[in-house]
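Structure record follows, encoded as structure tokens.
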Amino acid sequence: MVDRFGLVGRLTAIDLASPGRAHGDVLFLWVVEEAMPTPALQALNLLLGAFGLAYFVYGKKNGALVPLICGVGLMMFPIVIAGLGPLVVVGLLLILLPRFIQI
């Protein structure tokens, strides 16, 4: 089942009956079932992480703040963003940002 936000999951009912009562209140929960990432998504995550590590090391060794921050961003943002399209767009922006901003 898919909810209005596009999350795949199932509706689960939990009976909150206390001892001595026949029926308690019923709590309905939407349990999200996470799908396994596709091989393309995994490869892109690995590639972006490699770029992030390279930018981080470069920024740390040379004292360059922008590559250092972009490197951390490239390593961390695939955890938050799950879609392939936004992952490509944000990844390209973070990869190209140090070429245009020199601090």
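Where a number appears in this text, it was derived from the coordinates with a stated rule and is not lab data. Treat the numbers as computed from the prediction; the structure is a model and nothing was measured. Positions of Cβ are generated from backbone atoms using ideal geometry, with glycine treated the same way; all protein chains shown enter the neighbour counts.
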Backbone N within region 53-84 under 17 Å of label point (7 Å from residue 41 Cα along the Cβ vector): 76-84
Principal axes of region 39-100: Cα extent on each, largest first, Å: 34, 19, 16
